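Here's the structure we're looking at; comments come further down.
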């Protein structure tokens with residue numbers, strides 16, 4: 001009987017140790033949740049800048065050597081080219097979109113986000129408004145403790 005009680009006590013002790021996350025594990029989970037919230041805020045700030053057609057609000061969201069890979073257009077690398085691409089886009093169209101975040105994954109100072117967007121595009125040249133639906137891939141980088149867009153690519157879903 002005494003032997004059985006000792007075995008049961010040992011099993012309960014081992015089980016309770018395995019079930020309780022360490023303080024370090026809790027801190028890591030809380031940190032990851034905070035990081036995800038920061039990334040979501042970045043993505044929605046980007047959406048708002050797109051909807052406002054505001055290059056001055058888009059550019060601070062990119063890293064200095066950021067890369068923009070728009071569907072059907074040349075790749076833009078670095079601040080000057082990325083800025084020029086957005087100036088061109090906003091001079092030709094006006095977006096009214098909403099983002100849906102499908103996935104965020106973080107690994108140290110890098111992360112990626114997979115999103116979809118849906119809404120409308122006003123084409124300035126014709127005055128026509130057309131449906132807009134894209135899927136996007138963001139590669140993000142933490143610079144000076146701030147998440148920024150390092151690489152961004154999108155393409156049409158239809």
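The values are calculated or read from the model by the stated rules, or taken from the named source; none is laboratory data. In this text the structure is predicted, and so the values were computed from the model without any measurement. Glycine gets a Cβ as well: all are built from the backbone with ideal geometry, and neighbour counts include every protein chain shown.
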Open item on the list: Every residue in segment 59-72 that is assigned to a loop (DSSP other than H, G, I, E, B) and either under 15 Å from the mean Cα position of the chain (by Cα) or farther than 18 Å from residue 139 by Cβ (or both), please.
Closed with: 72
Task: Tally of residues being touching a strand residue (DSSP E or B) at 6+ places or on another chain (Cβ under 8 Å) and without any contact (Cβ under 8 Å) to a residue 40 or more places away in the chain across segment 66-75 - done: 1
Task: Checklist (1) more than 25 Å from residue 35 (Cβ to Cβ); (2) touching a strand residue (DSSP E or B) at 6+ places or on another chain (Cβ under 9 Å); (3) part of a helix (DSSP H, G or I) applied to residue 56, failing item - done: (2)
TODO: Considering each of 79, 45, 115 in turn, give the residue that is under 29 Å from residue 29 (Cα atoms), part of a helix (DSSP H, G or I) and touching a helix residue (DSSP H, G or I) at 6+ places or on another chain (Cβ under 8 Å).
DONE: 45
Open item on the list: Would you confirm whether or not segment 42-55 contains a residue that is exposed (fewer than 11 other Cβ atoms within 10 Å of the Cβ) and either over 25 Å from residue 144 (Cβ atoms) or at pLDDT 95 or above (or both)?
Closed with: no
Open item on the list: For segment 97-117, which positions are surrounded by 15 or more Cβ atoms within 10 Å (Cβ to Cβ) and at pLDDT 95 or above?
Closed with: 97, 101, 104, 106, 111, 112, 113, 115, 116, 117
